[in-house]
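A quick write-up on the structure given underneath.
The values are calculated or read from the model by the stated rules, or taken from the named source; none is laboratory data. Fair warning: this is a prediction, and the values are worked out from it, not measured in the lab. Cβ atoms come from the backbone with ideal geometry, glycine included; neighbour counts cover every protein chain shown.
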Amino acid sequence: MKASYLGELMIQNRVKIRPAEIKDAEQIAILCEQLGYFATQQQIQQRLSQIQYNQAHVIYVATLENDYVTGWAHAHVCDMIVGPTQAILFGLVVDILLRSTKLTLPNLHILLVGNIRLVLTI
């Protein structure tokens, strides 16, 4: 499944991938804790506010139909002297309760961010 936009991407009508929003901060903080990084909802809100309009950062969340955030991915797009522009993945997490279910992203998905392909595989 491919998307050439930064809007919503429906996957199997059950999980949506969309850009992170300030309203997602509480669940993002909970998911950070599952990775061993402790940040408050307010800290996540502040950080999202600082980088949400920065074209070099891409932050997506995976949500269920009820908009419950089940995972997130944060990448930084950077130019490389040794090769083409790439995206470096800073963080990726799926809720621990859903890691072994089929609600996570099936197989391979490609999101186009400008000229950058962000490939997500599970």
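Key figures for this structure:
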item: Test: residue in region 61-68 that is modelled with pLDDT of 90 or more, surrounded by 11 or more Cβ atoms within 10 Å (Cβ to Cβ), closer than 12 Å to LEU31 by Cα and of a type outside the set (Ser, Thr, Tyr); result: yes
item: Residue satisfying all of: in region 24-46; of a type in the set (S, T, N, Q) and modelled with pLDDT of 95 or more; surrounded by the most Cβ atoms within 10 Å (Cβ to Cβ) among these; result: GLN27
item: Within region 1-23, considering residues that are modelled with pLDDT of 90 or more and out of contact with any helix residue (DSSP H, G or I) (no Cβ under 8 Å at 6 or more places or on another chain), the one surrounded by the fewest Cβ atoms within 10 Å (Cβ to Cβ); result: LYS23
item: Residues (within 14 Å of the chain's Cα centre (by Cα) and aromatic (Phe, Trp, Tyr)) located in region 26-63; result: TYR60
item: Any hit, region 83-95, residues being at pLDDT below 90, out of contact with any strand residue (DSSP E or B) (no Cβ under 6 Å at 6 or more places or on another chain), among the polar types (S, T, N, Q) and surrounded by 14 or more Cβ atoms within 10 Å (Cβ to Cβ); result: yes
